[in-house]
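Just so it is clear, none of the values below were taken in a lab; they were calculated from the coordinates. Everything numeric here is computed off the predicted structure, so don't read it as measured data. When we count neighbours, we look across all protein chains shown, and the Cβ atoms used for this are built from the backbone with ideal geometry, even at glycine.
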Amino acid sequence: MTAQAVQQDELVAVIGLEVHVQLETDTKIFCGCSTDQDDAEPNTYTCPVCLGLPGALPVLNEAAVESAVKVGKAIDADIPEETRFHRKNYFYPDLPKGFQITQYDAPICQDGELEIEVGGERRTVGIERAHLEEDPGSLQHQGGNIDTADYTLVNYNRAGIPLMEIVTDPDFRSAEEVRAFLAKLEEVLEYLGVFDSSRDGSLRVDANLSIVSGDEVDDDGAIDDSTLEDANRTEVKNISSHKGAEKALAYEETRQKNAINRGREVEQETRHWDETRGITVSMRSKEAEKDYRYFREADLPPLQVSDWKEKLSIPELPDARRERFQDEYGLSEEAASKLTSTKQVADFYEDVAETFDPDLAATWVADNLLGELNYRDMAITDVEGRFDEFTHLVELVAEDEITTKNAEEIVLREMLDEGDDPETIIEREDLGKVDTGAVEGAVQEAIDENPDAVEDYHAGEDGALNFLVGQVMQKTGGSADPGAVNGMLRERRDE
Ligand SMILES: [Zn+2]
């Protein structure tokens with residue numbers, strides 16, 4: 001990570017992450033149960049394999065491996081010739097087998113990296129490893145939290161959903177950087193088509209944070225391994241979003257710095273992020289690695305992955321696409337950023353830009369459509385099936401069949417609110433082709449009826465011009481394009 005000037009007497013936060021992301025596959029990682037479980041009743045998407053019944057054997061889902069290889073390529077990781085699975089043993093009610101199938105000494109991805117941008121500065125975060133594993137079931141505590149609940153229900157629908165655990169180097173120095181990293185990671189995973197951020201619980205984060213003295217940080221921003229090992233660190237669990245991660249880590253950083261400033265030692269422990277109260281609280285002491293008694297999963301043979309790496313390609317990623325949009329379509333950095341915010345937006349923009357002027361397409365997609373969607377708390381995916389209608393509206397504007405103002409303020413809004421297509425709205429609201437003759441007549445009338453304003457206007461007063469435009473708009477019932485009226489009035493003056 002690039003250096004930032006650090007004062008010797010400053011206390012510096014050192015943060016590393018373990019990010020769990022659910023991979024978007026049709027079925028679970030080791031059985032044929034569907035992952036498409038919207039509003040499912042508890043324990044209805046299960047089978048002997050994901051319930052861990054005696055004698056049931058796992059079969060690896062090819063789609064999960066493909067997704068993992070794509071992630072590895074996107075983060076520029078080493079993908080080994082051969083990868084294998086281990087059992088991680090622990091007893092917990094969400095884990096019916098008494099172990100989780102995961103990867104231990106031969107993960108599918110190692111030594112990757114991801115570039116982030118914070119405060120206008122680009123930095124690279126190291127990714128130590130990323131491996132495949134199965135999600136456990138989920139627990140629902142009734143009448144309280146984990147410590148105070150009357151009883152707890154368990155739902156195994158989630159058990160066996162494919163997960164990727166992505167472990168970063170301790171490269172973060174602030175909660176803000178963590179948030180930027182998680183947002184970037186989500187963006188890349190969505191571009192790859194392996195992840196859906198709108199799915200509840202699809203991204204979960206455990207973070208470890210310790211505080212070191214500024215004089216331990218060298219000029220490149222690096223910190224010695226032994227210093228990091230000596231520093232007492234806490235692990236913060238149960239973070240379920242990138243906004244939550246920023247809040248939890250900012251809280252934890254302040255808590256530890258305050259303890260040190262008061263001369264107290266920070267205890268090495270696991271803490272739980274309490275989202276509702278906005279604090280971290282101490283929880284059970286952390287298991288050490290040896291407690292998990294990792295051993296090879298004998299029911300799954302080692303997997304050769306080198307061929308997959310050769311044959312799988314990945315799409316253009318967000319950073320590359322952003323740069324190409326600036327070069328190819330001459331867009332500003334800001335517009336290119338907005339238009340590549342998700343793969344769907346970028347694909348849609350390119351469709352519209354191919355047919356019309358790229359600038360007009362950018363205004364319509366980045367400003368008008370995204371603005372109106374945002375206002376309604378909708379996403380581009382909500383209108384995916386209506387791209388043809390939307391493109392048709394831009395076409396009508398491009399060909400002067402409708403004014404920009406009417407298209408933006410009436411047709412687009414009614415398309416989103418009522419679900420009608422542009423032609424229906426244009427007919428209903430009587431917004432058809434602008435009658436240029438009528439507008440010209442109205443301009444002449446406004447000039448004839450307001451000699452004083454015309455005089456002021458000839459004297460160069462902008463207020464008088466605006467007044468005349470207003471008069472014409474009134475006479476045409478708002479159907480004229482104010483920009484065009486403005487132009488007509490200027491032309492008459494200059495004649
Ligand atoms: Zn199953």
Looking at the stretch 120-197, what % of the alpha carbon pairs are farther apart than 21 Å?
-> 51 percent
Percentage relative contact order, the stretch 94-204, counting C-alpha pairs under 8 Å, at least six apart | 24 percent
Taking a temperature of 20 °C and a viscosity of 1.002 mPa s, what whole-number D in µm²/s does Stokes-Einstein yield for the stretch 292-418 with Rh from Kirkwood over alpha carbon pairs?
-> 126 µm²/s
Given pairs K343/K405; K247/K338; K243/K290; K70/K97; K97/K343; K97/K184 and cut-off 31 Å on Cα-Cα distance, the over-length ones are K243/K290; K97/K343; K97/K184
A chain fully extended from A438 to T355 at 0.36 nm per residue, minus the present Cα-Cα distance, gains in nm 26.8 nm
What's the percent breakdown of Cα-Cα distances in the stretch 95-246 across 5 Å bins, shortest bin first?
-> 2, 7, 13, 18, 20, 16, 11, 8, 4, 1, 0
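Using only Cα atoms, figure out Rg for the stretch 29-108 and give it as a multiple of 2.2 N^0.38 Å.
Rg over 2.2 N^0.38 Å, computed on Cα atoms: 1.27.
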Separation between the A398 and S313 pseudo-spin-labels, each 7 Å from Cα along Cα→Cβ, expressed in nm?
-> 2.7 nm
Calculated FRET efficiency for the pair A298/E491, C-beta based, R₀ 60 Å, to 0.05 | 0.10
In whole percent, what relative contact order does the chain give with Cα contacts below 8 Å and a gap of six or more residues?
-> 15 percent
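Compute the signed sum of charges (Lys and Arg +1, Asp and Glu -1) over the other residues within less than 12 Å, Cβ to Cβ, of P80.
Residues close to P80 contribute a combined charge of -2.
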Any idea what log10 I(q)/I(0) is at q = 0.15, 0.22, 0.23, 0.28 Å⁻¹ for the stretch 293-358, Debye with uniform C-alpha scatterers and no solvent?
-> -0.59, -0.90, -0.95, -1.20
Report, ordered by chain and residue number, the aspartates and glutamates lying within cross-link reach of K475, taken as a straight Cα distance under 14 Å and ignoring same-chain residues fewer than 8 apart.
-> D435, E440, E445, D448, E449
Just how many % of Cα pairs in the stretch 365-495 lie over 27 Å apart, if you round to the nearest whole percent?
-> 33 percent
Rg [Å, one decimal], Dmax [Å, integer] - the chain, C-alpha atoms = 29.5, 96
Can you tell me what the convex hull of the Cα atoms of the stretch 416-462 projects to on average, as an area in nm²?
-> 5.5 nm²
Within the under-15-Å Cβ sphere about P48, not counting P48, Lys/Arg +1 and Asp/Glu -1 give a net charge of 0
Quickly work out the N261-to-E384 label distance, labels modelled 7 Å from Cα along the C-beta direction, and quote it in nm with one decimal.
-> 4.8 nm
Share (percent) of C-alpha pair distances in the stretch 323-396 greater than 16 Å works out to 41 percent
In whole Å, how far is the Cα centre of the stretch 59-89 from that of the stretch 140-197?
-> 19 Å
Are there trypsin sites (Lys or Arg not before Pro) in the stretch 404-495 that DSSP puts in a loop and that have at most 15 other Cβ atoms within 10 Å, and which ones?
-> K433
With the Cα gyration tensor of the stretch 253-313 giving a ≥ b ≥ c as the square roots of its eigenvalues, does the rule (a/c under 1.5 for rounded; else a/b larger than b/c for prolate; else oblate) give rounded, prolate or oblate?
-> prolate
What net charge is computed for the residues neighbouring S34, neighbours being all others with C-beta under 10 Å from the C-beta of S34, Lys and Arg scored +1, Asp and Glu -1?
-> -1
Which FRET efficiency value, to the nearest 0.05, do you get for L228 and E66 by plugging their Cβ-Cβ distance into 1/(1 + (r/R0)^6) with R0 = 35 Å?
-> 0.50
Cα-based equivalent ellipsoid of the stretch 195-270: semi-axis lengths in Å, sorted from largest, via gyration tensor = 27, 16, 11
